[in-house]
1. Which residue is surrounded by the most Cβ atoms within 10 Å (Cβ to Cβ), if the candidates are limited to the range 109-131 and must be in a helix (DSSP H, G or I) and of a type in the set (V, I, T)?
2. Could you grab me the full set of residues in the range 90-103 that are surrounded by 16 or more Cβ atoms within 10 Å (Cβ to Cβ) and in contact with a strand residue (DSSP E or B) (Cβ under 8 Å, 6 or more places away or on another chain)?
3. Please find, within the range 132-150, the residue that is surrounded by the most Cβ atoms within 10 Å (Cβ to Cβ) out of those that are charged (D, E, K, R) and assigned to a helix (DSSP H, G or I).
4. Can you say whether F67 is within 23 Å of F23 (Cα to Cα), aromatic (F, W, Y), assigned by TED's automatic domain parsing to the domain that holds Y27 and without any contact (Cβ under 8 Å) to a residue 40 or more places away in the chain, as far as the supplied structure shows?
5. Suppose we filter T156, T110, T127 for residues that are modelled with pLDDT under 95, under 21 Å from S16 (Cα atoms), not charged (D, E, K, R) and not assigned by TED's automatic domain parsing to the domain that holds L57; which single one remains?
6. Of all residues in the range 86-118, which are of a type outside the set (S, T, Y), more than 30 Å from F30 (Cβ to Cβ) and in contact with a Leu (Cβ under 9 Å, 6 or more places away or on another chain)?
7. Would you check which residues across the range 42-68 are of a type outside the set (K, R), assigned to a helix (DSSP H, G or I) and under 19 Å from E193 (Cα atoms) and list them?
Amino acid sequence: MIRSVIFDIGDTLVESLRDKNGFYEEYVKFLKTHDLQFSMPEIKKAHNYAIQKYKALERKRKQPTDFYFEKQFFLGLGIKKNKTLARLLNTAYLEYRIRTSKLMPNTKETLSELKKSGLLLNVITNTSDDTNRVLAKKYGIYKYFDRFLMSHEEGTIKSEFKIFHLLLEKLNKNRKTKILPNEYLMVGNNLNEDTAARQVGMKTVILTRIRDENKNLQSFEPDYYINDLNEIGIVIAKLNSCNPQ
């Protein structure tokens, strides 16, 4: 019997509309504001350098430090680590994300119905900053969640499995009837990060509308694929019919 549903945020509940060229232009504006002149090829090269550094951390299953991506971006430009600049660039990126995102179809309706049915709703999301919490609050969905776990605050990422155990501990604290791993349903769009919940014993669903996969990490076959969030209720009904209490 499913008693709790866990969601990812990026491209699961909130869709990103941004494109690389758009943010490259944001880089140019930001750098000019701080009297730093770089060509577009130099900016793209530094951006790709930061991505590769970030992905290398993912492969090692290590949690990035504060403003890690931004610091690597500046290193790619030949600028020594500058926490103030990194923080300001992160703020500019957050503002850009807010301008270039929207709720996925049927997000609020789905969360509202699941909450009314008595399910505990939670978020586990891989992050390096507070962007996803800000987006959840902006779109009025933060109120639906009992727990909102962001990897940079917990010191672990989804592919490590530890963050799933942390959620179990937090939700079961002071609870007489413990929620078992197989009573959780993880909903996301990443075959590596989100289906890692299966290794903990949770059920998993992959939203195929904006499916993501990192071929450098191990992936696991989910229990179900869905095309729209409004199908989650159907999946829960099927799971509950197979494992009634």
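The values are calculated or read from the model by the stated rules, or taken from the named source; none is laboratory data. Everything numeric in this text was worked out from a predicted model, so none of it was measured. Cβ placement follows ideal geometry from the backbone for every residue including glycine, while neighbour counts extend to all protein chains displayed.
1. Only one residue tops the list, namely T110.
2. Residues satisfying the conditions are R97, S101, L103.
3. Out of the qualifying residues, it is R133.
4. Judged against the criteria, F67 is not a match.
5. After applying the criteria, what remains is T127.
6. Of all residues in the range 86-118, those of a type outside the set (S, T, Y) come to 86-90, 92, 94-95, 97-99, 102-106, 108-109, 111, 113-116, 118.
Those left that are additionally more than 30 Å from F30 (Cβ to Cβ): 105-106, 108-109, 111, 113-116, 118.
Correct list: P105, N106, E109, L111, L114, K115.
7. Initial filter on the range 42-68 (of a type outside the set (K, R)): 42-43, 46-52, 54, 56-58, 63-68.
Among the residues that remain, those that are also assigned to a helix (DSSP H, G or I) are: 42-43, 46-52, 54, 56-58, 68.
Listed by number, the residues that qualify are I51, Q52, Y54, A56, L57, E58.
Here is a yes/no grid of residues against (1) among the hydroxyl-bearing types (S, T, Y); (2) surrounded by 15 or more Cβ atoms within 10 Å (Cβ to Cβ):
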| position | (1), (2) |
| --- | --- |
| L31 | no, yes |
| F38 | no, yes |
| N48 | no, no |
| P64 | no, yes |
| L75 | no, yes |
| K81 | no, no |
| L88 | no, yes |
| T107 | yes, yes |
